[in-house]
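Computed from the coordinates by the stated procedures, all read-outs in this text should not be read as laboratory data. Predicted model, so just to flag it, every value in this text is computed and none were measured. All Cβ positions, glycine included, derive from the backbone under ideal geometry; neighbour counts span all protein chains shown.
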Amino acid sequence: MKNLSLIVAVAANQVIGINNTLPWHLPEDLKNFRALTTGHHIIMGRKTYESLGRLLPGRTTVIVTRNKDYQLEGALIAHSLEAAITMCESDTEAFIIGGAELYRDGLKHANKLYITEVEIEVNGDAFFPTIDLHQWQQTSREAHTSAQGLLFSYVTYTKLI
């Protein structure tokens, strides 16, 4: 695998979710997410999968769970992030798409970050870990305003170390 990437939308106060849902509605970001991940493996935790309620079309889904009996037709099941990454080796780029625990563990393995910075502060119960900016270089930033007037930026980082 050439790239293991994290893809996430993050509020200004590092919130990424509340009650297993996104705390905002940002169709532009969902479209960007689809464009980047279609045709690739997506790695997610079981709770993230259950919050989606379905397999995302055009992608190979890898679900990470500690439950050894967990099965889902149409998805690959891994019992550790490392096992999930191994399942994606044939892909040119695989994406970790959540939740918070996989993001934290995935930062050690990833070499690329796609972060949508949403310029609001919201209440939440899931947070994106702090990035050590000494290990990452920002390679692109695109500022946008959603149809609802919400300010956000697509930011890409590549690992330096």
*asked:* Quick query: amide H of Leu55 versus all other amide H atoms, modeled in the peptide plane; which residues come in under 5 Å with a sequence gap of 5 or more or a different chain?
replied: none
*asked:* Quick check: the angle from helix 27-37's long axis to the longest principal axis of the chain, C-alpha only, nearest 10 degrees?
replied: 40
*asked:* As an exercise, use a Förster radius of 22 Å and the Cβ-Cβ distance of Ser140 and Ile120 to find the FRET efficiency, rounded to the nearest 0.05.
replied: 0.50
*Packing-based ranking, highest mean first, of 139-149, 117-127 given that Cβ atoms within 10 Å are counted*: 117-127, 139-149
*Spherically averaged projected area in nm², based on the convex hull that wraps the Cα atoms of the range 30-161*: 9.0
*³J(HN,Hα) across the range 137-146 via Karplus (A = 6.51, B = -1.76, C = 1.60, θ = phi - 60°), whole Hz, x for Gly/Pro?*
10, 6, 10, 7, 8, 10, 8, 9, 10, 6
_Enclosed volume per residue, in Å³, of the convex hull spanned by Cα atoms of the range 115-161_ = 83
*Expressed as cubic angstrom per residue, what is the convex hull volume of the alpha carbon set of the range 1-48?*
101
*Provide the per-residue ³J(HN,Hα) series for the range 113-118, in order, calculated from phi with Karplus coefficients 6.51, -1.76, 1.60 and θ = phi - 60°, each as a whole number of Hz, with x at glycine and proline positions.*
10, 10, 10, 9, 8, 9
_Given a Förster distance of 35 Å, report the FRET efficiency between Ser90 and Ile18 from their Cβ-Cβ distance, rounded to the nearest 0.05._
0.50
*asked:* Below 8 Å, C-alpha to C-alpha, sequence gap of six or more: please give me the relative contact order for the chain in percent.
replied: 33
*Just grab the label-to-label distance for Ser153 and Leu133, each label 7 Å out from Cα along the Cβ direction, in nm (one decimal).*
1.0
*Under the Karplus relation 6.51 cos²θ - 1.76 cosθ + 1.60, θ = phi - 60°, what is the ordered set of whole-Hz ³J(HN,Hα) values for the range 69-86, x standing for Gly and Pro?*
9, 5, 9, 8, 4, x, 10, 8, 10, 10, 10, 7, 5, 4, 5, 4, 4, 4
